[in-house]
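I'd like to ask you about the structure that follows.
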Amino acid sequence: MIVDGDRVIHDSWAIAEYLEATYTTRPCLVERMAHYRFITDWLETVLYPEIFRVVAITR
């Protein structure tokens with residue numbers, strides 16, 4: 001979570017996007033945003049559900 005003035009942002013991806021859009025003099029993710037989004041989406045939709053399934057079955 002970050003607080004920047006009156007803005008409070010909780011999600012890590014939203015934080016990265018906010019920082020990129022707000023502080024344009026020092027961009028750090030612009031060239032890699034699509035790649036990072038792909039990896040994040042894949043983790044959340046493919047890998048994490050499988051890990052959860054394995055953990056839930058073994059308990």
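Output yes when any residue across segment 44-53 is under 12 Å from the mean Cα position of the chain (by Cα) and modelled with pLDDT of 90 or more, and no when none is.
For segment 44-53, residues under 12 Å from the mean Cα position of the chain (by Cα) and modelled with pLDDT of 90 or more: present.
Taking the condition of being assigned to a strand (DSSP E or B) and either within 18 Å of D41 (Cα to Cα) or of a type in the set (K, R) (or both), how many residues in segment 1-24 meet it?
Within segment 1-24, the subset assigned to a strand (DSSP E or B) is 2-4, 7-9.
With the extra rule that they be either within 18 Å of D41 (Cα to Cα) or of a type in the set (K, R) (or both), the set shrinks to 7.
Matching residues across segment 1-24 total 1.
The values are calculated or read from the model by the stated rules, or taken from the named source; none is laboratory data. As the structure is a prediction and not an experimental result, all values here were calculated from the model.
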